[in-house]
1. Quick one: which residues, 5 or more positions from residue 46 or on another chain, have an amide H under 5 Å from its amide H? H modelled 1.01 Å from N in the peptide plane, none for Pro or chain starts.
2. Measure of size requested: the Rg and Dmax of region 170-234, with Cα atoms as the atom set and Å as the unit; please supply both.
3. Report the GluC sites (Glu not before Pro) located in region 256-342 that are in a DSSP loop and have at most 14 other Cβ atoms inside 10 Å of their Cβ, or state none.
4. What is the pair-distance distribution P(r) of region 99-228, computed from all Cα-Cα distances in 10 Å bins starting at 0, with each bin given as a whole percent?
5. What translational diffusion coefficient, in µm²/s and rounded to a whole number, does the Stokes-Einstein relation yield for region 153-263 at 4 °C and a viscosity of 1.567 mPa s, taking the hydrodynamic radius as the Kirkwood radius over Cα pairs?
6. Specify the inter-centroid distance of region 250-283 and region 48-90, based on alpha-carbon positions, in whole Å.
7. Regarding region 247-335, what are the three Cα extents along the principal axes, ordered largest first, in Å?
8. Against the 2.2 N^0.38 Å scaling, with N counting residues, where does the chain land? I'd like the Cα-based Rg ratio to two decimal places.
Amino acid sequence: MSRLIVVSNRVAPIKGKTSAGGLAVAVLSALRESGGIWFGWSGEVVQTAAVEPTVVKVGRITYALADLTSDDHNEYYNGFANRTLWPLFHYRLDLTAFDRRCFDGYLRVNDRLARQLVPLVGEDDLIWVHDYHLIPFGEALARHGCRAPVGFFLHIPFPASEVLVALPYHQELLRTLFAYDLVGFQTDGDLRAFHDYVEREVGGSVDPDGTVRAFGRTTRAGTFPIGIDTDDFAALPAKAEVQRQIKRLKSSMGDRQLVIGVDRLDYTKGLVERLQAFEQMLETYPAMRGAVSLLQIAPPTRGEVPEYADIRRALEAVAGHINGRFAEFDWVPIRYLNKSFSRRALAGLFRGSRVGMVTPLRDGMNLVAKEYVAAQDPDDPGVLVLSQFSGAARQLDAALIVNPYDSVGVAESLHLALTMPIEERIERWAALMEGLRRDDVAAWRNTYLDALRRYSAAA
Ligand code: ADQ
């Protein structure tokens, strides 16, 4: 089997427990199986970046880590990736910064990283590049003489053309996607948006077999929805330490019910709207006051990007307002925690919660939705309330699907979830779980890599 080289902006911690999410789990198991390299940013910001990456070998996996200078970090990471592409691809034109200097920095860093990887690439290697930080990476690899097959997977949504074309350099960016042998998206909706852009904006064409032609170049594009390690996650709540934690959680709740939300603190996750819908539920159904709390876990991320400080302030204000309005001396409606938890701890919290609220305003997939379902007790499962704007909603249609902008509708669904009879909870959960077992992370990885091998052999 060919050796795999995975390229992503960040590389999972080399030592210690993997508290990592979907991408890291998928990548690690693939690399352990076939042996290979994981290449990415070391997380270090230095004065002068080294010419060669630092290479560390652990078992069959070689980690190759490159540093960034502070200009790189500002322009590539904080700038074009997180202040332009992230908001734009999540339909937040109002938060999108347009700065040619940052785009140039993004192209420069992609070029340098690709140049650093090329000497490590062997003849039979297969390269898999991940996410929006690295769209031009494949083209940069080719520029530096790399001839290995290269695929790309976009973890976030691909926006509608009307939104995408607001980016002044959309053509310059999008033509680089055509350097890949295969471009993968999370959902059919994303793929359709890509086809639409190609056909309507740049006069390209799409063949029925998935071949896409534009800019005088050809690539293949397809849908590969990412999954979780379902059986592994489902086994976590049985562990003794998780059992103890669930007991502690339940005794802190008494006979009250818990609704849980777990997200990075990000404006795409619909956190303010979620809290407002919870408030609406307490207003519309007074019997729920004192009977249910929302546990919202949201550790801060991307602290150097100003929009993230804004969302943090907004969330604190709305949580404070709701608690001030409804709390009693022995009950608070919202428990808001700003820290991160291990996978095990999260599994315990999911298991102890009657409802999982996953209500992003836009999300490529959303793995929390899948993890919540996998962690449930098959004999007494909780209910998932899921945004129609998450990629996961395309697969998890036995959840209660909601429009996160409609606080009255979300409040009704939340109430329905909290009062749902056990037979219906079991029926919905079993349907969801069947899909999660079939379309797990191994299926995602294998389907993608098989397609990449096939298309690159045919090219
Ligand atoms: P994210 O935006 O980070 O990922 P998501 O898929 O929900 O969103 O989460 C990724 C992982 O982080 C999950 O495994 C989750 O358990 C973990 N996580 C989230 N909040 C946490 C917390 N408070 N403490 C500990 N762990 C936490 C991007 C895209 C998504 C896409 C994924 C994978 O934005 O749409 O699903 O990549 O493709």
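The values are calculated or read from the model by the stated rules, or taken from the named source; none is laboratory data. No experiment lies behind these values; they were computed from the predicted model shown. With ideal geometry, Cβ positions are generated from the backbone for all residues, glycine too; neighbour counts draw on all protein chains shown. Note: accessible area is taken over every heavy atom of the protein model, side chains too, but ligands, DNA and RNA are not part of it. Shrake-Rupley method; radii C 1.70, N 1.55, O 1.52, S 1.80 Å.
1. Sorted by chain and number, the residues that satisfy this are 68, 69, 70.
2. When restricted to the Cα atoms of region 170-234, Rg and Dmax are 14.0, 47 Å.
3. Numbers: sites: 273, 279, 283, 304, 307, 316, 328; in loops: 304.
Loop-located and lightly packed - 304.
4. Histogram of Cα-Cα distances, whole percents per bin: 12, 44, 35, 9, 0.
5. Details: Rh = 17.4 Å.
Result for D is 74 µm²/s.
6. So the two Cα centres are separated by 34 Å.
7. 41, 30, 20
8. Values: Rg = 22.5 Å, N = 459, 2.2 N^0.38 = 22.6 Å.
For the chain, the normalised Cα radius of gyration comes out at 1.00.
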